[in-house]
1. Got at least one residue in the range A:163-183 being out of contact with any Pro (no Cβ under 8 Å at 6 or more places or on another chain), part of a helix (DSSP H, G or I) and of a type outside the set (Ser, Thr, Tyr)?
2. Would you pick out the residues in the range A:275-300 that are touching an Asp or Glu at 6+ places or on another chain (Cβ under 7 Å), of a type in the set (A, V, I, L, M, F, W, C) and farther than 15 Å from A:Arg238 by Cβ?
3. Under the condition of being of a type in the set (Gly, Ala, Ser), over 18 Å from A:Thr130 (Cβ atoms) and within 9 Å of another protein chain (Cβ to nearest Cβ), which residue from the range B:121-146 is surrounded by the fewest Cβ atoms within 10 Å (Cβ to Cβ)?
4. Just the residues that are in contact with a helix residue (DSSP H, G or I) (Cβ under 8 Å, 6 or more places away or on another chain) and among the charged types (D, E, K, R), please, taken from the range A:113-129.
5. Please go through the range A:49-60 and give me each residue that is under 19 Å from A:Ile111 (Cβ atoms) and at pLDDT 95 or above, ordered by number.
6. Which pairs do you get when a residue that is touching a residue at least 60 places away in the same chain (Cβ under 8 Å), found in the range A:276-294, comes within reach of a residue that is basic (Lys, Arg), reach meaning Cβ atoms under 7 angstrom, with the pair 6+ apart or on two chains?
7. For A:Tyr138, work out the one condition from (1) more than 30 Å from A:Ala246 (Cα to Cα); (2) modelled with pLDDT under 95; (3) in contact with a strand residue (DSSP E or B) (Cβ under 8 Å, 6 or more places away or on another chain) it doesn't fulfil.
8. Kindly indicate the residue of the range A:152-178 that is charged (D, E, K, R) and at pLDDT below 95 and also nearest to B:Glu80 (Cα to Cα) among those meeting that condition.
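The values are calculated or read from the model by the stated rules, or taken from the named source; none is laboratory data. The shown structure was predicted, so the numbers you read here are calculated from the model rather than taken from an experiment. As a convention, Cβ positions derive from the backbone with ideal geometry for all residues, glycine included, and neighbour counts pool all protein chains shown.
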Number of protein chains: 2
Amino acid sequence: VTLLVTGAAGFIGQAVARALARRPDLGPVRLLDRRAPIAPADARFSATAADLTDPAAVADALDGVDAVIHLASIPGGAAEADPALSRAVNLDATLRLLETLDARQRPSRFIYASSIAVFGRLGAQVDDDTAPEPRLVYGAHKRMVEIALADFPRRGRVQGLALRLPGVVARPRGDSGLKSAFMSDIFHAAADGEAYTLPVGPEATMWLMSARRVAENLVHASGLGELDGGTLTLPALRVRADELVAALFADPAQVNYAPDPALQAGFGSYPPLRTPAAEALGFRHDGDLAGLIAAVREGA
Amino acid sequence: VTLLVTGAAGFIGQAVARALARRPDLGPVRLLDRRAPIAPADARFSATAADLTDPAAVADALDGVDAVIHLASIPGGAAEADPALSRAVNLDATLRLLETLDARQRPSRFIYASSIAVFGRLGAQVDDDTAPEPRLVYGAHKRMVEIALADFPRRGRVQGLALRLPGVVARPRGDSGLKSAFMSDIFHAAADGEAYTLPVGPEATMWLMSARRVAENLVHASGLGELDGGTLTLPALRVRADELVAALFADPAQVNYAPDPALQAGFGSYPPLRTPAAEALGFRHDGDLAGLIAAVREGA
């Protein structure tokens with residue numbers, strides 16, 4: 001089984017590469033991004049630079065591939081600023097990957113990194129029955145792909161699974177295009193002994209997962225049995241801002257709260273989350289706040 | 001206000017043209033299809049042949065247009081047989097219409113003919129809270145456009161509304177690409193005094209609306225106040241096959257039932273339908289079976 005990882009130079013992509021490197025039982029891995037990703041020092045890995053908006057590049061990238069973990073995307077803030085670019089990458093290039101796989105005379109598997117952004121406004125609880133109503137370009141395109149993905153297994157050759165990822169921490173400082181950057185930046189401030197001003201209040205709640213845990217979940221998905229094109233919301237640890245601050249900072253007074261109403265509403269008001277469907281299939285969050293912080297500090 | 005009707009040579013498109021011709025209060029109407037549609041004898045109407053998969057044709061078609069009723073689509077059976085064609089027309093061309101309107105420096109309105117095909121498998125009841133889970137290519141693309149449409153009002157210039165149409169009767173005999181053709185063909189058999197074999201059982205249930213009523217609903221939508229990009233399931237008359245047969249045929253023994261399990265499941269098992277949201281905005285079905293049959297006989 002040859003596995004292709006798209007977006008492999010990105011934060012989650014690099015974590016997935018390391019998770020795959022820890023799995024000697026798996027076969028060849030092709031890492032792909034616009035710039036050639038860094039491959040682990042492991043003979044099974046190769047790295048390729050390709051632009052997925054180029055149909056010829058997509059065909060080349062998929063040659064000989066049996067399974068795909070598709071991470072490449074334009075993030076939320078950048079998608080909102082440039083809906084046409086989001087359509088080209090987040091929608092069209094993804095559909096082209098699926099269509100190219102479907103046109104081949106061999107079965108393949110497609111693990112798609114969707115996002116909790118599909119939910120839009122969040123009610124009192126989110127669970128496996130919550131109907132997605134995206135409210136930003138990024139979430140709309142993610143949801144459109146989920147629907148398309150569900151249509152492929154019936155056509156015959158592409159078995160797919162969409163996983164909705166929560167907030168993944170701790171992304172590198174200054175990782176562009178993310179409105180939720182504060183969720184990661186506070187980890188860096190704590191690690192570097194710096195003061196930090198959170199753009200949400202102390203009572204803000206977030207759904208978080210370490211990059212290591214996200215990567216393990218994506219690799220787990222690639223090894224599951226029959227995939228039916230369905231969508232799973234991954235479990236996530238629901239963390240209060242003040243509890244995270246207390247756990248991260250020796251002196252919590254180093255953190256100020258200056259809530260931005262839009263950020264608080266969009267990225268600091270996550271209700272309780274129930275994900276029995278994903279848990280029944282073996283997907284896991286980081287366990288508890290200490291586990292999350294340890295996984296972040298350890299790195300992916 | 002200049003209104004563009006796409007798919008205007010089609011069965012519903014011609015009904016919409018006639019409904020617009022009955023409204024002297026409305027402004028210019030541009031009828032568009034791959035072949036030039038037949039325009040009513042009315043100076044407000046013009047007819048154009050254009051292929052909406054051609055971006056230049058889309059730009060020309062929208063020049064000077066304030067509102068669109070977008071009917072052009074590849075129907076369900078044809079979409080299932082050729083998913084790439086469905087993607088090109090039902091998804092890409094529709095998104096291009098929206099994006100082209102959005103890129104202009106003027107507001108516009110977009111009435112989108114979606115379909116009950118978005119629901120896929122139907123539960124014990126369908127209402128305004130039922131989550132769509134499309135199970136065929138056609139329904140998947142319709143649902144993807146609904147999601148995209150909801151994203152545009154926030155971007156600023158395109159006010160949209162998606163209306164989910166039920167089974168529209170009576171389409172011309174041999175109208176290609178429709179798995180639900182029997183719903184229309186039985187009207188023609190009755191009108192022509194012919195025997196007919198239904199591919200569903202006597203207890204089969206369907207959601208039906210006359211073409212005249214569908215057209216009135218679409219024109220009504222184009223005149224509503226602020227549109228928020230939302231989706232409404234139109235009301236529909238829920239009709240049992242044997243009741244329709246009894247109302248249409250002087251001798252119901254002219255009709256045989258030879259249920260095809262796939263057709264029965266897909267097009268003959270419609271549960272009760274509740275559509276309070278659409279009704280509150282003035283959308284209507286044909287009232288009762290006699291009203292439906294009268295509207296079909298009268299023609300659109």
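1. Yes, the conditions are met somewhere in the range A:163-183.
2. Answer for the range A:275-300, where residues must be touching an Asp or Glu at 6+ places or on another chain (Cβ under 7 Å), of a type in the set (A, V, I, L, M, F, W, C) and farther than 15 Å from A:Arg238 by Cβ: A:Ala277, A:Ala295.
3. B:Gly139
4. Scanning the range A:113-129 gives A:Asp127, A:Asp128.
5. Within the range A:49-60, A:Ala50, A:Leu52 qualify.
6. A:Arg284/A:Arg213; A:His285/A:Arg213; A:Asp286/A:Arg213
7. (2)
8. Among residues in the range A:152-178 that are charged (D, E, K, R) and at pLDDT below 95, the one nearest to B:Glu80 (Cα to Cα) is A:Arg155.
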